[in-house]
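Bear in mind that the values in this text are calculations on the coordinates, not laboratory data. As the structure is a prediction and not an experimental result, all values here were calculated from the model. Neighbour counts run over all protein chains shown; Cβ positions are idealised from the backbone, glycine included.
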Amino acid sequence: MTWRTTAFGAVVVLVTAGMTAYALSAIAENDRRTSTATAATTTTLAQVEKGPRIVFRHTGRDAEYGHVGAVTLADPGGPRALTDLSCDRVYAQARSVSCLRTERGVVSRYRAIDLAISTSGQAWREVDETDLPGLPSRTRLSPDGRLVSTTVFVNGDSYLASGFSTRTAIRRVGGASYGDLESFKLVVDGHRVAPVDRNIWGITFTDDGRTFYATVATGGRTYLVRGDLAERSLTTVADHVECPSLSPDGTRIAFKEADESGTRWTPAVLDLATGRRTVLAGEVHSIDDQIEWLDDDTVLYGLARQGEPVSDVWALDTSTTATPRVLVPEASSPAVLR
Amino acid sequence: MYLSLSDRPSTDVAPRSAGGRVSRTVVVLGIVSLLTDISSESVSAILPLYLTAVVGLSPVAYGLIDGLYQGVSSLVRIAAGWVADRTDRPQPVALAGYTLSAVARLGLIFAGGFGTISAAISLDRVGKGVRTAPRDAMIAASSDPARLGRSFGVHRALDTIGATLGPLLAFVILWRIADGYDTVLVVSLGFAVLGVATMVCFVPFRTGARTPLVEPGERQRASVETNTVRGRSTLNPRFLRLTGVSGVLALLTVGDGFVYLALLETGGFAVQWFPVLYVGTNLAYLALAVPMGRFADRAGRAKVLVLGHLPLAAAYLCAATGSGALWTTFAAVLLLGVFYAATDGTLAAVAGQLVPATVRASGIATAQTAVALARLVAATGFGLLWYAVGPRVAMLAVCAVLLAAIPAGLAVLRGGRP
């Protein structure tokens, strides 16, 4: 045996042992975690559904990881009700829930599941299931719970084989789809355009059943657009706005504002009537979430802890000097049901 | 497995004799590529999930910078080919490339933010750019020129096995460990290290060098070399014609993604099977790489390189006319595999042969870079065409131009024969 063979044998043994040891300890940790009951105090859905509440995705590293939970608006840090529904993204209104889910496999499937909340305290009833063309990113329901929007990331359909793009669609809950929003008429600064590189994401609905807001990116710029389902059109209303979220009173848009590199976002608020923008610079972390409104003066968003798959839902007043605080620990994807 | 299969016609020749078997160096380089591809493809498969689920990065942000690195990788490839030729030592240059990618894997394990992750990914691209041309030059130098196509076929088959196993391994890990991204990264690093170790231990330092080698088994190669020297520089007319023809044909190669998307539009399959199409094309490629290489050795490699675009045109036709029938999807996937088997290794084989051994790595790098850049242009241009006239018309148009370009390409290359 030459020194080469000996050296190679040694490397193979070392590397294989290293990989196996790491994998085994990861398996053990995974099994320990998935069999551990949650450390959070729990309650029943019937208790929480008695009044105003926040529905969210539970992110505690335990057996309930990724399950949908709910807390009362009065005590958001208090006991939580956990359901069996597992989602990557969740949103809820009084009568319906939208859940986007990845079903992992050699071929991963991505699905949107619509559920109905019929009687309070009763288990949610699944009403529809739709295949999604990519990784779940955003979902929203209209205030009446009849329209649902989904945004996913699609890998590999852009001109650069390794690039990413988004697909956004709006459907009637349990019914027909309005199709991919890229097929809607696009009007930028008053001119009808049909750019190749358009990407649309982050829908927020008004309460009239046809108007919504969204982000359109084209030519390296992002726009806030107002969409109309009846006319199948998107019209720009502002510049440099991503992932809009309409306030409960319908006067303001909360969004994330990108820095020059386009990779760090700060929460901000746009007054639709005056066009005045307020950057909520009290949040120093980069926010990559579609913001939700707690009330007309406070926004919510999920933020991942450093180096952990655990997120918390933070609350921030809409003034430049406000500092954020954790509202619901071990949670993401907040939806406020007033 | 591939060794015994590809040996059938020469069973009368004693084992290990020259010519009959694929050179040991080619097989070892194939195994190095197999291990490295398991490493890189297992990470590529989980990267979108990892970035969104763990790092909390928006894939759009990642996509922004990704395009830039493709250009960087191409330039690095030519530079590395030049260094390999100048120093007459392709082995250490290729090894440096494999090592850079292994270091990038290590970096990815510890990377936490947008900047560090994009740095690790770009380092991996640079590593890939560095290693490709010197490695192909070693394959060319270690092979019997009459069986060059088969040698590249064997290498590409092994390489593709790795590219198919990688994603499979990643999904098995994620299936067993719910958030096992770290485990995938660690296992990926392990395979990268094994690839580097195989290279260090079993590919001698002077492999592919023109100066005579000490190993007695390799002596025969030196005489081979003098036969292959046909000109004084890379800029000889035959090589330029080859690069030109390959580049023009690559301008009509719009990418698998678009073919699959067109099939998706016609309803040929459900959207969640999208990744399986890539696996299908890979399987067809790895099954056909060796037979195609052997066929190219007999029928003429340049001819096969050009005619190999016929199955591509047929795949476009399937995508454009497919009425939603499942067989059109199968046919397109298979035809793309045939196209890769006929052209990918063959390009390196022909390019390596048309230039003198003194500039072999540079020659291979130049031809590969021309093709890579032309395909990038093709994909962008086709994107515009797709939106302008719709998938069917766009596919048919490219198909028609490609069918016209194939005989023209053959004529240009034939004109170069003395």
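Please flag any cysteine in chain A that has no other cysteine's Cβ under 4.7 angstrom from its own Cβ.
So far as the 4.7 Å Cβ criterion goes, A:243 stand without a partner in chain A.
Mind running the shape call on segment B:230-415? Use the C-alpha gyration tensor, a ≥ b ≥ c as the square roots of the eigenvalues: rounded below 1.5 for a/c, prolate if a/b tops b/c, oblate otherwise.
Working: a/c = 2.25, a/b = 1.74, b/c = 1.29.
Because a/c hits 1.5 or more and a/b exceeds b/c, segment B:230-415 counts as prolate.
Does the protein assembly as shown classify as rounded, prolate or oblate by the C-alpha gyration tensor (a ≥ b ≥ c root eigenvalues; a/c under 1.5 gives rounded; else a/b over b/c gives prolate, otherwise oblate)?
Details: a/c = 2.36, a/b = 1.77, b/c = 1.33.
Since a/c reaches 1.5 and a/b is larger than b/c, the shape of the protein assembly as shown is classed as prolate.
What is the angle, in °, between the Cα long axis of helix A:3-34 and the longest principal axis of the Cα atoms in chain A? Nearest 10 is fine, range 0 to 90.
Taking the Cα atoms of chain A, the angle to A:3-34 is about 50 degrees.
Using Stokes-Einstein with the Kirkwood hydrodynamic radius over Cα pairs, what translational diffusion coefficient do you get for segment A:38-337 at 10 °C and a viscosity of 1.306 mPa s, in µm²/s rounded to a whole number?
On the way: Rh = 19.4 Å.
For the chosen part, D equals 82 µm²/s.
Once you list every other residue whose beta carbon is under 14 Å from the beta carbon of residue A:334, what net charge do they have if Lys and Arg are +1 and Asp and Glu are -1? Please list the in-between numbers first.
Working: positive: A:53, A:57, A:80, A:89, A:138, A:140, A:325, A:338; negative: A:289, A:292, A:295, A:312, A:330.
In short, +3.
Where the Cα atoms of segment A:206-320 are projected onto their three principal axes, how long is each span, largest first, in whole Å?
Reported extents, whole Å, longest axis first: 45, 34, 27.
Rounded to the nearest 20 debye, what is the charge dipole size of the protein assembly as shown about its Cα centre when +1 sits on each Lys and Arg Cβ and -1 on each Asp and Glu Cβ? Present the calculation step by step, with values, prior to reporting the outcome.
On the way: 69 positive and 62 negative charges, 702 e Å.
For this selection, approximately 3380 debye.
If we restrict to alpha carbons, what Rg and Dmax does segment A:25-92 come to, in Å?
Both quantities, over Cα of segment A:25-92: 12.8, 44 Å.
Go ahead and estimate [θ] at 222 nm for the protein assembly as shown from helices alone: -39,500 (n - 2.57) per DSSP H run with n ≥ 4, summed, over the residue count, rounded to 500. Don't jump to the answer; show the numbers that get you there.
Details: 18 runs with 362 residues, N = 756.
So the calculated ellipticity at 222 nm is -16500 deg cm²/dmol.
Shielding of A:113-124 by partners, i.e. mean partner chain Cβ atoms within 10 Å per residue? Mind dumping the intermediate values first?
Details: counts 0, 0, 0, 0, 0, 0, 0, 0, 0, 0, 0, 0.
Mean shielding count: 0.
Using +1 on the beta carbon of Lys and Arg, -1 on that of Asp and Glu, and nothing else charged, what's the dipole of segment A:1-120 about the Cα centre, debye to 20? If you can, show how the numbers build up before the last one.
Numbers: 14 positive and 10 negative charges, 52 e Å.
Magnitude of the dipole: close to 260 debye.
Which order do peptides A:290-302, A:72-84 fall in by mean Cβ count within 10 Å, highest first?
Order by mean packing, descending: A:290-302, A:72-84.
Under 26 Å between alpha carbons, and skipping anything fewer than 8 positions from residue B:303 in its own chain: which lysines qualify?
none
Can you work out the Karplus-derived ³J(HN,Hα) for every residue in segment B:153-166? Use 6.51 cos²θ - 1.76 cosθ + 1.60 with θ = phi - 60°, whole Hz, and x for glycine or proline.
With coefficients 6.51, -1.76 and 1.60, one gets x, 4, 4, 5, 5, 4, 4, 6, 4, x, 5, 7, 6, x Hz.
Using the Cα atoms as the points, what is the convex hull volume per residue of segment B:328-385 in Å³? Please list the in-between numbers first.
Details: hull volume 4.5 nm³, N = 58.
Dividing the Cα hull volume of segment B:328-385 by its residue count gives 78 Å³.
Inside 10 Å of the C-beta atoms of B:179-192, what's the mean count of C-beta atoms belonging to other chains?
Numbers: counts 9, 5, 2, 2, 9, 2, 1, 6, 7, 1, 4, 10, 2, 1.
Per residue, the number of nearby Cβ atoms from other chains is 4 on average.
In debye, nearest 20, what is the charge dipole magnitude of chain A about its Cα centre with +1 on Lys and Arg Cβ and -1 on Asp and Glu Cβ, if you could check?
Working: 36 positive and 42 negative charges, 107 e Å.
The calculated dipole for chain A is roughly 520 debye.
If I histogram all Cα-Cα distances within segment A:114-255 using bins 10 Å wide from 0, what percent of pairs lands in each bin?
With a bin width of 10 Å, the distribution comes to 11, 41, 34, 11, 2, 0.
How do B:188, B:118, A:177 line up, fewest other C-beta atoms within 10 Å first? Mind showing how you got there, number by number?
Details: B:188 27, B:118 20, A:177 12.
Least to most surrounded, the residues fall as A:177, B:118, B:188.
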